[in-house]
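The structure under discussion appears below in the form of structure tokens.
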């Protein structure tokens, strides 16, 4: 009678083949997990940086008088909003937090709000410097966020309501006489 079963060599070969397949599968899933974690971290940093730059850009486009001194961006808005009726805005870096302050007066003493708009900021650079900046000056804002690794972002903004007299004196296409649509 012939006995049925596996020999010791067949069992060892099967175990070796399954072990090799298991090692490749584990390393593949480990690589996918590390990649996902890294991309999730970068996505969070990217979203925070984009939010901060978009917030600064939108408010700066509505600026009447822009002052830049030691990477502190300060300006008076042409129009207040329902969420913030203060006209004077200031963006600056303190430690690793990027702040947005607003107040009724340019000295930031009346009805002042103090909010963090980005964390883990390693650099906040605003150029050119000047108090006040000349008309039609394009403001460059650079922001670097460090969370594991450093990611840098930059935006250029030209304030649209910037007038040396505070009155609307634009001659191009305008909205209500107080907003000029410039095409570069």
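Residue selection: residue 132 fails the criterion of being at pLDDT 50 or above and under 17 Å from residue 79 (Cα atoms). When 60, 53 are checked against the criterion of being at pLDDT below 90, assigned to a helix (DSSP H, G or I), surrounded by 14 or more Cβ atoms within 10 Å (Cβ to Cβ) and in contact with a strand residue (DSSP E or B) (Cβ under 8 Å, 6 or more places away or on another chain), a single residue qualifies: 60. Among residues of the range 76-102 that are at positive phi and surrounded by 19 or more Cβ atoms within 10 Å (Cβ to Cβ), none has a beta-carbon under 6 Å from a residue that is at pLDDT 95 or above and part of a strand (DSSP E or B) at least six positions away or on a different chain.
Listed conditions (1) in contact with a helix residue (DSSP H, G or I) (Cβ under 9 Å, 6 or more places away or on another chain); (2) exposed (fewer than 15 other Cβ atoms within 10 Å of the Cβ) are all met by residue 105, apart from (1). Of the residues 85, 41, 27, 102, the single one that is more than 27 Å from residue 152 (Cβ to Cβ) and either part of a loop (DSSP other than H, G, I, E, B) or touching a strand residue (DSSP E or B) at 6+ places or on another chain (Cβ under 7 Å) (or both) is 85. Criterion applied to 162, 184 was being surrounded by fewer than 16 Cβ atoms within 10 Å (Cβ to Cβ), at pLDDT below 90 and more than 16 Å from the chain's Cα centre (by Cα), and the one residue passing it is 184.
The single condition among (1) touching a residue at least 24 places away in the same chain (Cβ under 8 Å); (2) under 21 Å from the mean Cα position of the chain (by Cα); (3) more than 14 Å from residue 159 (Cα to Cα) that residue 141 does not meet is (3).
The values are calculated or read from the model by the stated rules, or taken from the named source; none is laboratory data. Not measured: the values here are computed from a predicted model. Positions of Cβ are backbone-derived with ideal geometry, glycine not excepted, and every protein chain shown enters the neighbour counts.
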